[in-house]
Amino acid sequence: MLLAFSVAPSGTPADPTHQRGAADASVHDAVAAAVKIVRESGLPNQTDSMFTTIEGEWDEVFAVVKRATEEVGKYGSRVSLVIKADIRPGFSGELTAKVERLENVIAGDS
């Protein structure tokens, strides 16, 4: 399965060590904490400006998303989580293979 997710905090964190100045509306510290968890999972992954995509089996992928979401929760009183999944049993390596197939079509190599 490929699972793309975006997670972000909002509100005031309970732990003041996770709170930045009111003028700084960036959530990059929280997102960095989530991406670190994904990378440490050992699952194939990639991060772009909107989503982090993970490849693996159902239980292992959702376990990583849960840990990342819990970590982001330290940065606010609420968490927004968006998930999109491509569930295709029997396939692996799709994190890069899907893009390679697309690029081949664009290049006219069908």
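Let's test the formula: R0 of 41 Å, r as the Cβ-Cβ distance of residue 47 and residue 109. What FRET efficiency results, to the nearest 0.05? Intermediate values should be presented prior to the final figure.
Numbers: r = 28 Å, r/R0 = 0.68.
In this case the efficiency is close to 0.90.
Binning the C-alpha pair distances of the chain at 5 Å intervals from 0 yields a P(r) profile of 2, 11, 21, 19, 15, 12, 8, 6, 3, 2, 1 %, listed from the shortest bin outward.
Tell me the carbon and sulfur percent of the accessible area for the range 37-92, rounded to whole percent, probe radius 1.4 Å. Don't jump to the answer; show the numbers that get you there.
Numbers: 1930 of 3800 Å².
The value for the range 37-92 is 51 percent carbon and sulfur by accessible area.
Here the gap between residue 101 and residue 36, fully extended at 0.36 nm per residue and compared with their Cα-Cα distance, gives a gain of 20.5 nm. Along the axis of the charge dipole computed for the chain (Cβ charges of +1 for Lys and Arg, -1 for Asp and Glu, origin at the Cα centre), the listed residues 69, 52, 10 are led at the positive end by 10.
Average projection, convex hull of the Cα set of the range 61-110: 5.2 square nanometres.
Cross-link partners of residue 98 among lysines, defined as those whose alpha carbon lies under 23 angstrom from its own and excluding same-chain residues fewer than eight positions apart: 84. The residues 74, 66, sorted by heavy-atom accessible surface at 1.4 Å with ligands and nucleic acids left out, run 66, 74 from largest to smallest.
The values are calculated or read from the model by the stated rules, or taken from the named source; none is laboratory data. All of these numbers come straight from a predicted model, not from anything done at the bench. A quick note on method: Cβ atoms are made from the backbone with ideal geometry, for glycine too, and the neighbour counts reach across all protein chains shown. Keep in mind that these areas ignore ligands, DNA and RNA; they rest on the heavy atoms of the full protein, side chains included. Shrake-Rupley method; radii C 1.70, N 1.55, O 1.52, S 1.80 Å.
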